[in-house]
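Chemist: Submitted below is the structure of interest, expressed as structure tokens.
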Amino acid sequence: MKFSGKRIMSVTALFVAFAVTQVYLGIAFAATNPNPPSVAIPAGPPQATAILTTQGNKPILINGASASTGATILSGATIETPDGVSATVNIPGHGSVEIAANSKVILEFDPTGNLKVTHIQGCLTLHTNSGTGGEVDNAQGIMGKTDRTKNDVLNICPGVKVAGAAAQAGLSTGAKVAIAAAIGGGVTALAFGLRGSNPSPSTP
């Protein structure tokens, strides 16, 4: 009986020693592990995108690469139209930008309702929906802003010389008024805009 008791005590002592050793090893491993398990970070909101439409489905340049109708435009893209080809970029829920032929702009937008166009050359018409703030800048500063409280339109066409009707392709009436203003002065531009493309004969 004495032998059996000593044997049980020895086994118990070994078991306790083994358990204590495992606990210390676990603590030491946790303290020295330089690469804890990674934690997944939730993805942010999806990036806003826009859709391109080109005149006659002809190609234009987006960031220096050829693109045509249906192409997806990301914020920060540089858009350049060649001779005789205008384009429209539609930003769903916010508005659109009409870009005349022989023009170059940088378009920036975000999901919160901010739309900015940097004018480099040529003519453009910016349409913004109510709730969207629109702005056109150039190297000298702000050229114009739209009213966030309503659907609004901003025409930009500084110092353009028009060679013919084809040079105005894709522009709204307001943009044509801006072109006329650059060429012939305010009075001529106003008459052009109010009388349309088929004015009645003037009386002698």
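Chemist: If you take the residues in segment 103-126 that are in contact (Cβ under 8 Å) with a residue 60 or more places away in the chain and part of a strand (DSSP E or B), which one is nearest to ILE79 (Cα to Cα)? Can you show your working first?
Modeler: Just the residues of segment 103-126 that are in contact (Cβ under 8 Å) with a residue 60 or more places away in the chain, to begin with: 109-111.
Add one more test, that the residue is part of a strand (DSSP E or B), and what stays is 109-110.
On the way: PHE109: 14, ASP110: 17 Å.
Ranking the qualifying residues of segment 103-126, first place goes to PHE109.
Chemist: Applying the selection to segment 53-68, what residues are part of a strand (DSSP E or B), within 16 Å of ALA101 (Cβ to Cβ) and not hydroxyl-bearing (Ser, Thr, Tyr)?
Modeler: Within segment 53-68, ILE60, LEU61, ILE62, ALA67 meet the criteria.
Chemist: To continue, here is another question. Looking for whichever is among the basic types (Lys, Arg), modelled with pLDDT of 95 or more, over 17 Å from GLY144 (Cβ atoms) and in contact with a Pro (Cβ under 9 Å, 6 or more places away or on another chain) here; the options are LYS104, LYS58. Which one fits? Give the steps one after another, and end with the answer.
Modeler: On the way: LYS104 fails: in contact with a Pro (Cβ under 9 Å, 6 or more places away or on another chain).
It is LYS58.
Chemist: If you don't mind, there's one more thing I want to ask. Looking at this structure, is ILE60 surrounded by 21 or more Cβ atoms within 10 Å (Cβ to Cβ) and farther than 23 Å from SER130 by Cβ?
Modeler: Answer is yes for this residue.
Residues are listed down the side, and each one gets a yes or a no for (1) touching an Asp or Glu at 6+ places or on another chain (Cβ under 8 Å); (2) at pLDDT below 50; (3) within 19 Å of GLY84 (Cβ to Cβ):
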{"position": "CYS123", "(1), (2), (3)": "no, no, yes"}
{"position": "GLU135", "(1), (2), (3)": "no, no, no"}
{"position": "ASN151", "(1), (2), (3)": "no, no, no"}
{"position": "ILE156", "(1), (2), (3)": "no, no, no"}
{"position": "ALA165", "(1), (2), (3)": "no, yes, yes"}
{"position": "ILE179", "(1), (2), (3)": "no, yes, yes"}
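Chemist: Within segment 69-76, is even one residue closer than 20 Å to ASN155 by Cα, touching a Leu at 6+ places or on another chain (Cβ under 9 Å) and in a strand (DSSP E or B)? Steps first, answer last, please.
Modeler: Kept after step one, since they are closer than 20 Å to ASN155 by Cα, are these residues of segment 69-76: none.
No.
Chemist: Let me ask another. Checking the condition surrounded by 14 or more Cβ atoms within 10 Å (Cβ to Cβ) and either of a type outside the set (Phe, Trp, Tyr) or modelled with pLDDT under 95 (or both), which residue from ALA139, ALA87 passes?
Modeler: Values: ALA139 fails: surrounded by 14 or more Cβ atoms within 10 Å (Cβ to Cβ).
Going through ALA139, ALA87 in turn, the sole match is ALA87.
The values are calculated or read from the model by the stated rules, or taken from the named source; none is laboratory data. Note that this is a predicted model, so its numbers are computed, not measured. Quick reminder, even Gly has a Cβ in these numbers, built from the backbone with ideal geometry, and neighbours come from all protein chains shown.
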